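The values are calculated or read from the model by the stated rules, or taken from the named source; none is laboratory data. Being a predicted model, the structure only gives us computed values, none of them experimental. Glycine also receives a Cβ, built like all others from the backbone with ideal geometry; neighbour counts cover every protein chain displayed. Side chains are part of the model used for accessible areas, which takes the heavy atoms of the whole protein and leaves out ligands, DNA and RNA. Shrake-Rupley method; radii C 1.70, N 1.55, O 1.52, S 1.80 Å.
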Amino acid sequence: MKLTGTTVLVTGATRGVGRALTRQLTQLGAHVVAVGRDPGGLAALADAHGDRVSAEALDLADPDAVDAYTDALPDRHPGLSVVINNAGVQHLSDFLTTEPRDVRPVLRRELAVNLDAVITLSTGLLPHLRKQPSAAIVNISSGLAIVPKPSAPVYCAAKAAVRAFTRSLRYQCEDGAPQVRVMEAILPLVDTDMTAGRGRGKISPAETARAVIGGIHRDRPEIYVGKARFLPALMRVAPSLGYRSLRHG
């Protein structure tokens, strides 16, 4: 799929992978609808990229706001043909040491951003995307959807749900709307604000964005980035080793 001249929605565009995607997509000649919650970050994107970026504020944890945004977006950007659901938030949770009532608001926000918003934007924009001669929905997932870690159970569950949702939606589009590609990008540990102080062997947001864009160009239904590309073989040959590596690593 060619991205030059397209209009691309990128959520979580003010930081990390989203910011790198925005930069690289504009360099390819795409117009990016950059969605984020940070006014300063959105202003910086607009300053850096000028009319190649439409910086738009949205709290993805607010379902009503996401519904309204989704319904209005095609009228503002009728050329929209690519949706990249990149935004994500991860909270470390130990349910044996925390009071459930204290963490419920945080966990619900985590599910809203990581899962509900992905489903709402994907399905809500699908009628518009079906009208385009060529379109794509790209949902950013994680190796943790395949091999969960104990410290972030809700994040892992949400990413596993995104993985299943993306595959099911792909099947529907392959049968009924083949002009809409539905892709999943499975990321390894990326060096972002969210992962600060966690893990080793991280890859950069820029490297991640290049891999995702390369996968879109090649129409890959599943884009395994960096070390995540080893997961399918590992889980096929030695799944217990894969689970142990994240449980104790």
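A few points about this structure:
- Residues in the stretch 58-69 that are touching a Gly at 6+ places or on another chain (Cβ under 9 Å) and surrounded by fewer than 20 Cβ atoms within 10 Å (Cβ to Cβ): Asp67 alone.
- Restricting the stretch 5-24 to residues that are closer than 19 Å to Val182 by Cα and more than 15 Å from the chain's Cα centre (by Cα) leaves a set whose member that is surrounded by the fewest Cβ atoms within 10 Å (Cβ to Cβ) is Thr7.
- Number of residues in the stretch 123-160 that are basic (Lys, Arg) and over 30 Å from Ala72 (Cβ atoms): the value is 1.
- Listed by first and then second residue, the pairs with beta-carbon distance under 6 Å, at least 6 apart or on different chains, first residue in the stretch 177-192 and small (Gly, Ala, Ser), second open to solvent by 20 Å² or more (accessible area, probe 1.4 Å), are Ala177/Arg130.
- For the stretch 182-197, the criterion of being touching an Asp or Glu at 6+ places or on another chain (Cβ under 7 Å) and open to solvent by 30 Å² or more (accessible area, probe 1.4 Å) is met by none of the residues.
- Yes/no for Glu207 being modelled with pLDDT of 95 or more, more than 22 Å from Tyr69 (Cα to Cα) and buried (at least 18 other Cβ atoms within 10 Å of the Cβ): no
- Whichever residue in the stretch 96-119 is aliphatic (A, V, I, L, M), assigned to a helix (DSSP H, G or I) and more than 16 Å from the chain's Cα centre (by Cα) and, among such residues, is farthest from Val82 (Cα to Cα): Val103
- Any hit, the stretch 32-46, residues being touching a residue at least 60 places away in the same chain (Cβ under 8 Å) and surrounded by 13 or more Cβ atoms within 10 Å (Cβ to Cβ): no
- Qualifying residue in the stretch 154-173 (condition: over 26 Å from Arg109 (Cβ atoms) and either at pLDDT below 95 or assigned to a loop (DSSP other than H, G, I, E, B) (or both)): no
Here is a yes/no grid of residues against (1) open to solvent by 40 Å² or more (accessible area, probe 1.4 Å); (2) of a type outside the set (Gly, Ala, Ser); (3) not in a helix (DSSP H, G or I):
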{"site": "Glu56", "(1), (2), (3)": "no, yes, yes"}
{"site": "Asp75", "(1), (2), (3)": "yes, yes, no"}
{"site": "Val82", "(1), (2), (3)": "no, yes, yes"}
{"site": "Asp94", "(1), (2), (3)": "yes, yes, yes"}
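- Note on the stretch 200-249: residues that are among the hydrophobic types (A, V, I, L, M, F, W, C), over 17 Å from Val138 (Cα atoms) and outside any helix (DSSP H, G or I) total 2.
- Between Val35, Val53, the distinction of being under 17 Å from Ala136 (Cβ atoms), of a type in the set (A, V, I, L, M, F, W, C) and at pLDDT 95 or above belongs to Val35 only.
- Boolean, Ser122 is open to solvent by 40 Å² or more (accessible area, probe 1.4 Å), of a type in the set (S, T, N, Q) and not in a loop (DSSP other than H, G, I, E, B): no
- Filtered residues of the stretch 59-88 (kept if in contact with a Lys or Arg (Cβ under 7 Å, 6 or more places away or on another chain) and not small (Gly, Ala, Ser)): Asp59
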